[in-house]
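A.B. asks: Okay, handing you the structure first.
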Amino acid sequence: MEYKGILVGMGNPLLDISAVVDENFLQKYDIKLNNAILAEDKHLPMYEELATKNNVEYIAGGATQNSIRVAQWMLQIPGATSYMGCIGKDKFGEEMKKNSKLAGVNVHYYEDETAPTGTCAVCVVGGERSLIANLSAANCYKSEHLRRPENWALVEKAKYFYIAGFFLTVSPESIQLVAEHAAANNKVFMMNLSAPFICEFFRDVQEKALPYMDYVFGNETEARTFSKVHGWETDNVEEIAIKISQWPKASGAHKRITVITQGADPVVVAEDGKVKLFPVILLPKEKLVDTNGAGDAFVGGFLSQLVQEKPIEECVRAGCYAANVIIQRSGCTYPEKPDFK
């Protein structure tokens, strides 16, 4: 099978500025742990403050880009994955390009002349993380970039597409173009719920894309928010996963499968009106470094097997393996080679 260019991701490329902080820091900027939000004016001084910390690290991030990098790492096949998103023409943008090329991902960034490269503050306390994204250039992605022949060629070549829900805030039009292409050509289109605020405040665009989703990923908090927003009156993650999988579909070529992670609790997979639970690899608390990127890594591991047409059990096992590797390291980083058997 030809794996070159088999998987395409689109999203918000952000340079993660990651540092260990204390409770005072969280209070000062009104930040909650285990959350992902968009930066407001009150958060802007925080980026400078994080940059002065002696434990600060810079890592090419953004949810979709993380997943694609991890899938590429798990596959170990040069050029198997491609990625599109918008960066600025600045040193952070150059850092991002360098980082992605090293990861073996075929990146086609749209470079914005006016806005700086987007950043994401990753505040880590006791291994738990909070993400505050300042999208800047990432917010400037335009569907005309996607339509350029050299970029649309990536879409034509790919058989699998993955886009985190965060991109719904930037270019729903681009998402729709890819979703409709996938449905018309019997390809696999996948998205992530990504954050409670996406389910709450971007409900309309999320609902427009949902019929095209063959796989829906998310965690238990996002699933419960989705349920609440749609008036389902249940907090039961298994029930919610089934209901999402039964949402009407735009194309009958593939059934929808919902995959919900729950931290240390089993992964919930819903298809055909039934649920399967898969245990995760438990990690002793003292080995946990930081949960940032765990969900993204899970998806990346999952996708690495899915594109090889492996059964769902193997996809989940690879997802759990990748997440387990990532949480023992700072940020969404990994060793040179995977040790996945």
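A.B. asks: Report, to two decimal places, the Cα Rg of segment 194-260 normalised by 2.2 N^0.38 Å (N = number of residues). Walk me through the intermediate numbers first.
C.D. replies: Values: Rg = 11.1 Å, N = 67, 2.2 N^0.38 = 10.9 Å.
After normalising by residue count via 2.2 N^0.38 Å, the value is 1.02.
A.B. asks: Here is a further query. If you wrap a convex hull around the Cα atoms of segment 53-122, how much volume per residue is inside, in Å³? Working shown, then result.
C.D. replies: Numbers: hull volume 6.6 nm³, N = 70.
In segment 53-122, the Cα hull volume divided by residue count equals 94 Å³.
A.B. asks: Go ahead and estimate [θ] at 222 nm for the chain from helices alone: -39,500 (n - 2.57) per DSSP H run with n ≥ 4, summed, over the residue count, rounded to 500.
C.D. replies: -11000 deg cm²/dmol
A.B. asks: List the residues, sorted by chain then number, that are 5 or more residues from Phe340 or on another chain and whose placed amide H is less than 5 Å from its amide H.
C.D. replies: Placed amide hydrogens put nothing under 5 Å from Phe340.
A.B. asks: Something else now. What are the trypsin sites (Lys or Arg not before Pro) within segment 187-271 that DSSP puts in a loop, where the Cβ has at most 13 other Cβ atoms within 10 Å?
C.D. replies: For trypsin sites (Lys or Arg not before Pro) across segment 187-271 that sit outside H, G, I, E and B with at most 13 neighbouring Cβ atoms in 10 Å, the list reads Lys255.
A.B. asks: So, by mean Cβ neighbours within 10 angstrom, what's the order for 83-89, 121-127, 293-299 with the highest one leading? Walk me through the numbers before you get to the answer.
C.D. replies: Numbers: 83-89: 25.4, 121-127: 20.4, 293-299: 27.9.
In descending order of packing, they fall as 293-299, 83-89, 121-127.
A.B. asks: Give the Cα extents of segment 132-174 along the principal axes, in whole Å, largest first.
C.D. replies: 34, 20, 14
A.B. asks: On to the next question. Mind grabbing the accessible area of Arg329 for me, 1.4 Å probe, Å², rounded to tens?
C.D. replies: 80
A.B. asks: Quick one: with all protein chains in place, what share of the accessible area of the chain is carbon or sulfur, to the nearest percent (1.4 Å probe)? All intermediate terms of the calculation are to be shown ahead of the outcome.
C.D. replies: Values: 7260 of 14280 Å².
Result for the chain: 51 percent of the exposed heavy-atom area is carbon or sulfur.
A.B. asks: Separate question: Under the Kirkwood approximation applied to all pairs of distinct alpha-carbon atoms, what is the hydrodynamic radius of the chain in Å? Each step should come with its number before you reach the end.
C.D. replies: Working: mean 1/r = 0.0505 Å⁻¹.
Taking every pair of different Cα atoms in the chain, averaging 1/r and inverting gives 19.8 Å.
A.B. asks: For a quick check of your reading of the filter: which trypsin sites (Lys or Arg not before Pro) in segment 137-171 sit in a DSSP loop and have no more than 16 other Cβ atoms within 10 Å?
C.D. replies: Working: sites: Lys142, Arg147, Lys157, Lys159; in loops: Lys142, Lys159.
Of the trypsin sites (Lys or Arg not before Pro), the ones in loops of segment 137-171 whose Cβ has at most 16 other Cβ atoms within 10 Å are Lys142.
A.B. asks: Okay, next question. Which residue fluctuates most in the GNM of the chain (Cα springs below 10 Å): Pro78, Pro284, Pro266?
C.D. replies: The residue that fluctuates most here is Pro284.
A.B. asks: Let me ask something else about it. Hey, can you grab everything whose amide H is under 5 Å from the amide H of Tyr110? Only 5+ residues off in sequence or another chain; H modelled, so Pro and N-termini drop out.
C.D. replies: Correct list: Gly85, Cys86, Ile87.
A.B. asks: How big is the charge dipole of the chain about its Cα centre, in debye rounded to the nearest 20, if each Lys and Arg gets +1 on its Cβ and each Asp and Glu gets -1 on its Cβ? Each step should come with its number before you reach the end.
C.D. replies: Numbers: 35 positive and 43 negative charges, 172 e Å.
Here the size comes out at about 820 debye.
A.B. asks: Using a cut-off of 23 Å between alpha-carbon atoms, which lysines can reach Lys255, once sequence neighbours fewer than 8 places away in the same chain are excluded?
C.D. replies: Here the lysines satisfying the reach criterion relative to Lys255 are Lys157, Lys159, Lys187, Lys208, Lys243, Lys274, Lys276, Lys310.
A.B. asks: Just to confirm the filter: which trypsin sites (Lys or Arg not before Pro) across segment 7-69 are DSSP coil and have at most 12 other Cβ within 10 angstrom of their Cβ? Don't skip to the end; give the middle numbers.
C.D. replies: Values: sites: Lys28, Lys32, Lys42, Lys53, Arg69; in loops: Lys32, Lys53.
Answer in residue order: Lys32.
A.B. asks: Here's another thing I want to ask about it. For segment 6-20, just list the computed ³J(HN,Hα) in residue order, Karplus coefficients 6.51, -1.76 and 1.60, θ = phi - 60°, integers in Hz, with x standing in for Gly and Pro.
C.D. replies: 5, 10, 10, x, 9, x, 9, x, 10, 7, 6, 10, 10, 8, 7
A.B. asks: In Å, what Kirkwood hydrodynamic radius results for segment 105-158 from the alpha-carbon pair distances?
C.D. replies: On the way: mean 1/r = 0.0739 Å⁻¹.
So the Kirkwood estimate lands at 13.5 Å.
A.B. asks: Once Rh is set to the Kirkwood radius over Cα pairs, what Stokes-Einstein translational diffusion coefficient, in µm²/s, holds for segment 206-341 at a temperature of 20 °C and a viscosity of 1.002 mPa s? Could you put the intermediate results ahead of the total?
C.D. replies: Working: Rh = 15.6 Å.
The calculation lands on 138 µm²/s.
A.B. asks: Could you work out the relative contact order of segment 79-193, using alpha carbon pairs under 8 angstrom and six or more residues apart, expressed as a whole percent? List each step's numbers first, then the result.
C.D. replies: On the way: 158 pairs, mean separation 23.9, N = 115.
In percent, rounded to a whole number, it is 21.
A.B. asks: Each residue of segment 75-84 in turn: what ³J(HN,Hα) in whole Hz from Karplus with 6.51, -1.76, 1.60 and θ = phi - 60°, glycine and Pro shown as x?
C.D. replies: Coupling constants for segment 75-84: 6, 6, 10, x, x, 5, 10, 10, 8, 10 Hz.
A.B. asks: Can you sort Asp90, Asp235 by 1.4 Å-probe accessible area, starting with the largest?
C.D. replies: Values: Asp90 45, Asp235 105 Å².
I get Asp235, Asp90, largest accessible area first.
A.B. asks: Can you give the alpha-carbon Rg of segment 49-192 over 2.2 N^0.38 Å, where N counts its residues?
C.D. replies: Details: Rg = 15.6 Å, N = 144, 2.2 N^0.38 = 14.5 Å.
Working it through for segment 49-192, the quotient is 1.08.
A.B. asks: Top mean-square fluctuation among Pro311, Pro211, Pro196, Gaussian network model of the chain, C-alpha springs under 10 Å?
C.D. replies: Top of the fluctuation ranking is Pro311.
A.B. asks: Who wins for biggest fluctuation among Ala184, Ala71, Ala195 in a Gaussian network model of the chain, springs between alpha carbons below 10 Å?
C.D. replies: Ala184
A.B. asks: Can you run phi through the Karplus equation (6.51, -1.76, 1.60; θ = phi - 60°) for segment 48-56 and list ³J(HN,Hα) in whole Hz, with x for Gly and Pro?
C.D. replies: 4, 5, 4, 5, 7, 6, 6, 9, 5
A.B. asks: Could I ask something else about it? Hey, if you put +1 on the Cβ of every Lys and Arg and -1 on every Asp and Glu Cβ in segment 223-338, which of Cys315, Asn236, Val275 ends up farthest toward the positive end of that dipole?
C.D. replies: Projecting each Cα onto the dipole axis, the largest value belongs to Cys315.
A.B. asks: Modelled label-to-label distance, Arg148 and Ile281, 7 Å Cα→beta-carbon offset: nm?
C.D. replies: In this crude spin-label approximation the distance works out to 3.9 nm.
A.B. asks: In nm, to one decimal, how far is the Leu102 label point from the Asn186 one, both placed 7 Å along Cα→Cβ?
C.D. replies: So the two model labels end up 4.2 nm from each other.
A.B. asks: Using only alpha carbon positions, build the gyration tensor of segment 126-280, then give the equivalent ellipsoid semi-axes as the square roots of 5 times its eigenvalues, largest first, whole angstrom. Walk me through the numbers before you get to the answer.
C.D. replies: Working: eigenvalues 136, 79, 40 Å².
The answer is 26, 20, 14 Å, longest axis first.
A.B. asks: What area, in nm² and to one decimal, does the C-alpha convex hull of segment 1-123 cast on average over all directions? Each step should come with its number before you reach the end.
C.D. replies: On the way: hull surface 33.1 nm².
Average of the hull's projected areas for segment 1-123 equals 8.3 nm².
A.B. asks: Write down the accessible area per residue of the chain in Å², having rolled a 1.4 Å probe over the full set of protein chains.
C.D. replies: Details: 14280 Å² over 341 residues.
Dividing the accessible area of the chain by its residue count gives 42 Å².
A.B. asks: Next up: Work out which GluC sites (Glu not before Pro) in the chain are exposed loop sites (DSSP not H, G, I, E or B, at most 14 other Cβ within 10 Å) and give the longest gap free of them. Don't skip to the end; give the middle numbers.
C.D. replies: Working: sites that count: Glu2, Glu40, Glu113, Glu233, Glu309, Glu336.
Longest site-free region, per DSSP loop and neighbour criteria: 114-232.
A.B. asks: I need to check one value: relative contact order of segment 82-124, counting alpha carbon pairs closer than 8 Å and at least 6 residues apart, in percent.
C.D. replies: Working: 51 pairs, mean separation 23.5, N = 43.
Contact order relative to length: 55 percent.
The values are calculated or read from the model by the stated rules, or taken from the named source; none is laboratory data. Owing to the predicted nature of the structure, the values given are computational and were not obtained by experimental measurement. Note: ideal-geometry Cβ built from the backbone for every residue, glycine included; neighbour counts use all protein chains shown. Remember, those area values only see protein heavy atoms, side chains included, never the ligands or the DNA or RNA. Shrake-Rupley method; radii C 1.70, N 1.55, O 1.52, S 1.80 Å.
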